[in-house]
Amino acid sequence: MGNDVLAASLAEAADFGRSLSKRQLRYFRVQVEDWYDVCRHLSDWEDRHLIDAPAPERLVEHGRLLDELEQVGRWLALATQSPDFPDRSTAELVAMTLRDLKDARALWHGSMTRERRQEILRAVLNEP
C-alpha cells in the first residue's frame, strides 16, 4: 500500500506541474498579445502626429515610446528565445514586433531624408 500512495502522490505532483506550466504559458501569451496591441497602436499615433509634419517634440515623444516598447519586447524575447520555450508562434510574434519597432525607429529617427521617408510611407500606405 505504501508504494501505491507514493506512486499516486508523484503522479499528482506531475499533473500539478504540467498544469502550472500550461497556465503560466497562457498568462505569458496574454502579456505578449497586450504588448503587441500597444505596438500596433503606435502606427496610429504616427499617422496622427508624424506623417504630415513631425514636430521635434513629437519626435522626442515617439523616441520615448519606442524606447519603452523595445524594452518590454527585449524582456519578452529573453523568455521566447530560450531553446525550451514551447510556443513558437508567440516567439515569432515577439521577434517580428521587435523588428517592426526597429524599422519604425530607422524610419523616423535614422539618417533618412524626408523625401525617402515619404517614398516609403507612400509604398507602405499604398498611395500613388
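Tabulated data
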item: Test result for L69, touching a Cys at 6+ places or on another chain (Cβ under 7 Å) and open to solvent by less than 70 Å² (accessible area, probe 1.4 Å); result: yes
item: Among the residues listed as D44, D4, the single one being modelled with pLDDT under 95 and open to solvent by 80 Å² or more (accessible area, probe 1.4 Å); result: D4
item: Extreme residue, farthest from E33 (Cα to Cα), among residues of region 68-123 that are among the aromatic types (F, W, Y) and part of a helix (DSSP H, G or I); result: W108
item: Filter result (within 19 Å of P56 (Cβ to Cβ) and of a type in the set (A, V, I, L, M)) within region 77-120; result: A104, A106, L107, M112
item: Evaluation of D52 against (1) open to solvent by 40 Å² or more (accessible area, probe 1.4 Å); (2) modelled with pLDDT of 95 or more (one fails), failing number; result: (2)
item: Looking only at region 72-108, and only at residues there that are of a type in the set (D, E) and free of Cβ contacts under 8 Å to residues at least 24 places away in the same chain, the one that is least open to solvent (accessible area, probe 1.4 Å); result: D103
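The values are calculated or read from the model by the stated rules, or taken from the named source; none is laboratory data. Predicted model, so just to flag it, every value in this text is computed and none were measured. Virtual Cβ from ideal backbone geometry, glycine too; neighbours counted across all protein chains shown. We work out accessible area using only protein heavy atoms, side chains counted, and drop any ligands, DNA or RNA first. Shrake-Rupley method; radii C 1.70, N 1.55, O 1.52, S 1.80 Å.
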